[in-house]
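Visitor: Quick one: the structure is below, and I'll ask about it shortly.
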Amino acid sequence: MMMLTKKMIEIRGLLQQVDQSDTLTLPSIVVVGSQSSGKSSVLEAIVGHEFLPKGSNMVTRRPIELTLVNTPDATVEYGEFPALGLGRVTDFQQIQRTLTDLNLAVPEKDCVSDDPIQLRIYSPKVPDLSLIDLPGYIQVSGYDQPTELKQKIADLCEKYIKPPNIILAISAADVDLANSTALRASRRVDPRGERTIGVITKMDLVDPQRGQDLLTDRKYPLRLGYVGVVCKLPQSTGFFNRGNGNITSTIVKTENAYFGAHPAEFGHGSDVTVGTTNLRQKLMHVLETTLASSLGSTSEAIRQELAETSYEFKVQYNDRSMSAESYLAESLDAFKHSFKGFSEQFGRVEIRDLLKHEIDQQVLNQLAHRYWNKPISDLVPVSLEPGQLADLPKADSDDPVWQHKLESAQSALTKLGIGRLATTVIATALQNRVDFLVEHSTFASHPFARQAITDASTTILRDLSFDTSDELEICIKPYKFRIELEDNEWNKGRDNVTRVLKEELKTVDEAFGGVEQEVGGKKKLKDVIGFIDRVRKGEIVLEGDGAGGAGGFSAALLRRGREATFLRDRSEILKLRIKAVQSRQCKDRKNKYQCPEVFLDAVADKLTTTADLFLDAELLEKFKYLFPRELDAKLGRNLSATDMERFAREDPKVRRHLDVVKRKDMLEFVLKEIESLRQLEGRERKQSGRN
Ligand code: GDP
């Protein structure tokens, strides 16, 4: 029969994990006693260790649900706080400190909290028991406390001392039992004394005859009886060293010495029960009997809860089972599938587009830097009508200045660090794409997985980029010295750069429009531009640097005006150059000094062709191969069960689903266990009836 409590303690642990509403509670022993009645001493004597918070102002503010688990074959004793995940705590002073901290965590103004602290103690020396230590406040409730607090304490007390719980009412022998807070509280809810065990502490402080009288009290008779104890520990000074050691034998010795010295009052035949050893026996027996008789109602409550859970499972989740592992596997498959889709439509062509766009920007920079930002007179397109800009010089193929211009632009382009630039552009594009895929996957609501995926892609891309960028730089090395262009390459360059210039023109004009809007209209911008032009031509001389505004225009407006003037000039030049590029002269590749745009574009195209081929093979293809494998490694089956669980639970919807599945499984399991216990118990009862 002794297995019942142990089994039920296991079941209680399981129910605590799945029961949100506290409806499925099994009977416990609730310990009540006024301050200094010796309540802590009794609990510690039962456990065999000092572990409860001490100190004059250290009142318990939260109930402690203390579960004792007998581990017959174990060599170590330890405690566990299931809710804290601290693991095994073998140092009982550490348990004491933790309990103190948990108590102090309740804000002073709240005084008490009904959120219980769960503590389990495993030891070969403890009996299987479950005890609940209630806040000490209950016992001092009364005189000077506000009504609200009284109510709070009463509610908390009410919650715990109702049937079928057993009440362990602790009173000190040196206080009149009629004044015992514990017994008064018990009498209120258990007037016939059917589920209260009385404990009289400090038996050593009263005359033995009086002690015996207390234990046979007739005024408030208890069916389960009274037990007298002496739980006083020697002072920590001298021979007895208070520490981590087991205190059971010390207490038993003290008790044996005291009660043994008074055989007439406490010995056999005196009809009283004394000593903590007997108290433990009684507690075990009473709890076991209570648990046995509650099996039917517990089973019924679980059955009902199971029915509700099954209904929720059916209605909300369509009976679809789910585990953290299956959820992760499905999410990972879906993600890898979407990556595969991306892989199929992202290849060399897409790389080329990205690279060409980037290198085109570099070409534009070179053109602006070496040609366009110069005074407009340097750049008169040869196709313009003579007379239109007749006094301006023209590019001359034999002039070393024009030769140098083009050569340095070409050299700047090829020595730009294309290896690094191109690799970065593609690696960034891939990373962005991965981020996009994550954003549109189930992983979006899982920070843990997001991080793992980002880590996977950045690590791979970083490693690949390192070698790729150096090797690519070597591949383009020949272009740094000599570039030969074929006719078709020149023509292609001419077409392409016309498009690029037109796009640039559009961007510049749009930017100009933007400034126009910002300053508040065409007219206003025109006025300020007119002013700036006149300053530039020297028609107006500014006093100072114009930092505080000038000509009736604010400094900010002048800044905007200068920006607009730049854009207007750039637009002019672009228009001229588009015409130039399209002119007959630029059809001939011999005229490269007159058509630097075409020449540089053709160079850029050569660079791009080398780079795209290389990056496709060395970066993209390798990434496509490595990334899914790295995902498997990071999020696949070798993830620990805890990590999988943590991952799945990050999404509240999934968490709810998992909870329902878990609750249902657990309740089914518990119900089966309880049913078999009932059968066992039924058989035992029959047998003992026969004997
Ligand atoms: P609590 O406030 O109800 O938890 O009471 P404690 O267990 O802290 O005990 C209050 C005081 O009574 C302490 O100083 C204990 O050492 C002392 N005490 C507890 N049990 C006994 C006992 O059986 N005999 C004697 N003489 N003192 C005891």
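The values are calculated or read from the model by the stated rules, or taken from the named source; none is laboratory data. What you see is a predicted model; the values in this text were computed from it and never measured. We place every Cβ from the backbone using ideal geometry, glycine too, and count neighbours over all the protein chains shown. The area values use the complete protein model at the heavy-atom level, side chains included, leaving out ligands, DNA and RNA. Shrake-Rupley method; radii C 1.70, N 1.55, O 1.52, S 1.80 Å.
Visitor: Tell me, yes or no, whether the stretch 64-75 has at least one residue that is touching a residue at least 60 places away in the same chain (Cβ under 8 Å) and within 13 Å of the ligand (Cβ to nearest atom).
Guide: Yes, there is a match, as at least one residue in the stretch 64-75 is touching a residue at least 60 places away in the same chain (Cβ under 8 Å) and within 13 Å of the ligand (Cβ to nearest atom).
Visitor: Follow-up question, since we're still on this one. Tally time: how many residues in the stretch 302-328 are of a type outside the set (Ser, Thr, Tyr), open to solvent by 100 Å² or more (accessible area, probe 1.4 Å), without any contact (Cβ under 8 Å) to a residue 60 or more places away in the chain and over 25 Å from Met644 (Cα atoms)?
Guide: Count: 2.
Visitor: Next up: Just name the residue that is most open to solvent (accessible area, probe 1.4 Å) out of those in the stretch 61-83 that are in a loop (DSSP other than H, G, I, E, B) and within 12 Å of Ile132 (Cβ to Cβ).
Guide: Ranking the candidates gives Arg62 first.
Visitor: Quick one: how many residues across the stretch 186-213 are assigned to a helix (DSSP H, G or I) and open to solvent by 30 Å² or more (accessible area, probe 1.4 Å)?
Guide: 9
Visitor: Of (1) outside any loop (DSSP other than H, G, I, E, B); (2) of a type in the set (D, E, K, R); (3) within 30 Å of Arg12 (Cα to Cα); (4) away from the ligand (no atom under 16 Å from the Cβ), Arg223 satisfies all except one. Which?
Guide: Here Arg223 clears every test but (1).
Visitor: Consider the stretch 237-266. How many of its residues are more than 48 Å from the chain's Cα centre (by Cα), within 12 Å of the ligand (Cβ to nearest atom) and at pLDDT below 90?
Guide: 0
Visitor: From the residues in the stretch 226-236 that are in contact with a strand residue (DSSP E or B) (Cβ under 8 Å, 6 or more places away or on another chain) and farther than 20 Å from Arg192 by Cβ, which one is farthest from the ligand (Cβ to nearest atom)?
Guide: Only one residue tops the list, namely Gly228.
Visitor: I would also like to ask the following. All but one of (1) open to solvent by 70 Å² or more (accessible area, probe 1.4 Å); (2) touching a residue at least 60 places away in the same chain (Cβ under 8 Å) hold for Arg499; which doesn't?
Guide: (2)
Visitor: What is the one condition in (1) among the polar types (S, T, N, Q); (2) more than 16 Å from the ligand (Cβ to nearest atom); (3) modelled with pLDDT of 90 or more that Gln20 does not satisfy?
Guide: Exception for Gln20: condition (3).
Visitor: Look through the stretch 152-185, keep the residues that are open to solvent by less than 20 Å² (accessible area, probe 1.4 Å), assigned to a helix (DSSP H, G or I) and away from the ligand (no atom under 15 Å from the Cβ), and return whichever of them is modelled with the lowest pLDDT.
Guide: The qualifying residue modelled with the lowest pLDDT is Ile153.
Visitor: Is the stretch 38-46 home to any residue that is open to solvent by 40 Å² or more (accessible area, probe 1.4 Å) and at pLDDT below 85?
Guide: no
Visitor: Only one of His440, His446 is out of contact with any Ser or Thr (no Cβ under 7 Å at 6 or more places or on another chain), open to solvent by 30 Å² or more (accessible area, probe 1.4 Å) and under 21 Å from Gly341 (Cβ atoms); which?
Guide: Residue meeting the stated conditions: His440.
Visitor: Which one is modelled with the lowest pLDDT, of the residues in the stretch 97-128 that are assigned to a helix (DSSP H, G or I) and surrounded by 17 or more Cβ atoms within 10 Å (Cβ to Cβ)?
Guide: Step by step, filter the stretch 97-128, then rank; the result is Asn103.
Visitor: Based on this model, can you work out whether Arg560 counts as part of a helix (DSSP H, G or I) and open to solvent by 40 Å² or more (accessible area, probe 1.4 Å)?
Guide: Answer is yes for this residue.
Visitor: Same structure, new question: Are any residues in the stretch 506-524 among the basic types (Lys, Arg) and either in contact with a strand residue (DSSP E or B) (Cβ under 8 Å, 6 or more places away or on another chain) or surrounded by 11 or more Cβ atoms within 10 Å (Cβ to Cβ) (or both), and if so, which ones?
Guide: Lys506, Lys522, Lys524
Visitor: How about the stretch 576-691: which helices (runs of 4 or more DSSP H) wholly inside it have at least 3 residues that are charged (D, E, K, R) and open to solvent by less than 10 Å² (accessible area, probe 1.4 Å)?
Guide: In the stretch 576-691, 596-615 are the helices (runs of 4 or more DSSP H) which contain 3 or more residues that are charged (D, E, K, R) and open to solvent by less than 10 Å² (accessible area, probe 1.4 Å).
Visitor: Then there's this: Restricting attention to the stretch 451-483, report how many residues are among the aliphatic types (A, V, I, L, M) and more than 31 Å from the chain's Cα centre (by Cα).
Guide: 4
Visitor: Select from the stretch 475-496 the residues that are in contact (Cβ under 8 Å) with a residue 24 or more places away in the chain and hydrophobic (A, V, I, L, M, F, W, C) and list them in ascending order.
Guide: Matches in the stretch 475-496: Cys475, Ile476, Ile483, Leu485, Trp490.
Visitor: It is to be established whether one or more residues within the stretch 196-208 are within 16 Å of the ligand (Cβ to nearest atom), in contact with a Cys (Cβ under 9 Å, 6 or more places away or on another chain) and at pLDDT 90 or above.
Guide: Checked the stretch 196-208: at least one residue is within 16 Å of the ligand (Cβ to nearest atom), in contact with a Cys (Cβ under 9 Å, 6 or more places away or on another chain) and at pLDDT 90 or above.
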